[in-house]
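In what follows, a structure is listed as structure tokens, so that the remarks can point back to it.
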Amino acid sequence: MSLHQNGENTKVLCLQEVQEDHYGTEIRPSLESLGYHCEYKMRTGKKPDGCAICFKHSKFSLLSVNPVEFFRPNVPLLDRDNVGLVLLLQPKSPSAASPAICVANTHLLYNPRRGDIKLTQLAMLLAEISSVAHQKDGSFCPIVICGDFNSVPGSPLYSFIKEGKLNYEGLAIGKVSGQEQSSRGQRILSIPIWPPNLGISQNCVYEVQQVPKVEKTGSDLTQTQVDKTEVLVTDEKLSSNLQHHFSLSSVYSHYFPETGIPEVTTCHSRSAITVDYIFYSAEKEGVAGQQGAGVALVGGLKLLARLSLLTEQDLWTVNGLPNENNSSDHLPLLAKFRLDL
């Protein structure tokens, strides 16, 4: 991912499957010598790789580093070792009022049959982004989310990111990511998908524990107050609607406009699909100030350019991925934005 500011190129790199020893001995020293500051989050469970975000420190100051671990020992559903990383960056600009920018990077679970885990991991990442990008006036700063989401364009998980809502009632867990069309994974998503003790609402934000206000000290709640609390919790649990409060666009359109042939981001064995994305909070004209029009953005990102992807046929002509010219089984995604300050 490349950000474009005031006519000068500013690089922000989001990397997945970064092997820890390679990061320490090769990747980080090399990037630091080129003027980057690097942050890294290794997967849990002694897995030897993780996610990294690196940025030019001549262009950004680091405001906060927020790693997200999707493994939770107290939540049986969340027994996988995937992670995310969320940074809050401050552009080094003459403008004192320039907004921060939130950059997130993740690699969600691969298993095509566990859409329940994928959606919960995504909700955890979105909750952290919401917390990090939230500003004092109630708006969000500009947001960029990069990663391998192990889900294809048009799938329920992808649509949830783009549209901000998903009614998952009756949805089979094997259909969430759209990776395969087999008959496996046909168990229906439970309502709710994740248990209340995760502390994340159906709106993908961290829940604030609502303590009923009581005039007297002690625990002598009236029965009415207790009943009201229980009803609210019950309604929340039975909802099959997920929501998030970001207005996200995809840098890539996933199909070549001239031919309608799909773009692919990974090509190995017999599979060639798109699973990698750059999502961003786009400039919205006329949104701020409109009643019920969603959360206003401070500043905004305008997409200026992107590096073209390839078709499956293109990649098989060079024997797929990896090959002698591309050492990864995924293609790089690259976008140039203008950040309005």
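The values are calculated or read from the model by the stated rules, or taken from the named source; none is laboratory data. Computed from a predicted structure; not experimentally measured. Cβ: placed from backbone, ideal geometry, glycine included. Neighbour counts: every protein chain shown. Side chains included, ligands, DNA and RNA excluded: accessible areas come from the protein's heavy atoms. Shrake-Rupley method; radii C 1.70, N 1.55, O 1.52, S 1.80 Å.
I need every pair where a residue in region 140-168 that is touching a residue at least 40 places away in the same chain (Cβ under 8 Å) and of a type in the set (Asp, Glu) has its Cβ under 9 Å from the Cβ of a residue that is open to solvent by 10 Å² or more (accessible area, probe 1.4 Å) and not in a strand (DSSP E or B), sequence separation at least 6 or different chains.
As it stands, the answer is ASP148/TYR110, since those pairs meet every condition given.
Give the residues of region 25-45 that are in contact with a helix residue (DSSP H, G or I) (Cβ under 8 Å, 6 or more places away or on another chain) and either more than 18 Å from LEU62 (Cβ to Cβ) or open to solvent by 70 Å² or more (accessible area, probe 1.4 Å) (or both), sorted by residue number.
The answer is MET42, and nothing else.
Return yes or no: is ALA172 among the aliphatic types (A, V, I, L, M), over 21 Å from GLU17 (Cα atoms), open to solvent by less than 20 Å² (accessible area, probe 1.4 Å) and over 14 Å from the mean Cα position of the chain (by Cα)?
Against the criterion (among the aliphatic types (A, V, I, L, M), over 21 Å from GLU17 (Cα atoms), open to solvent by less than 20 Å² (accessible area, probe 1.4 Å) and over 14 Å from the mean Cα position of the chain (by Cα)), ALA172 qualifies.
Specify the residue that is modelled with the lowest pLDDT; the eligible residues are those in region 146-188 that are of a type in the set (Ser, Thr, Tyr) and part of a loop (DSSP other than H, G, I, E, B).
Applying the filter and picking the extreme gives SER183.
Search region 235-273 for residues being more than 21 Å from LEU119 (Cα to Cα) and modelled with pLDDT under 95, and hand back the single one that is surrounded by the most Cβ atoms within 10 Å (Cβ to Cβ).
Taking the candidates together, the pick is CYS267.
Given (1) in contact with a Ser or Thr (Cβ under 6 Å, 6 or more places away or on another chain); (2) on the phi < 0 side of the Ramachandran plot; (3) in a loop (DSSP other than H, G, I, E, B), identify the lone condition not met by PRO73.
(1)
List pairs: first residue in region 330-341 and at negative phi and acidic (Asp, Glu), second residue surrounded by 16 or more Cβ atoms within 10 Å (Cβ to Cβ) and not in a loop (DSSP other than H, G, I, E, B) anywhere in the structure, Cβ distance under 7 angstrom, at least six positions apart or on different chains.
Short answer, once both residue conditions are applied: ASP340/GLY300.
Any residue in region 105-127 that is touching a strand residue (DSSP E or B) at 6+ places or on another chain (Cβ under 9 Å), open to solvent by 30 Å² or more (accessible area, probe 1.4 Å), free of Cβ contacts under 8 Å to residues at least 24 places away in the same chain and in a strand (DSSP E or B)?
no
Quick check on my filter: what residues within region 46-63 are open to solvent by 70 Å² or more (accessible area, probe 1.4 Å) and among the hydroxyl-bearing types (Ser, Thr, Tyr)?
SER58
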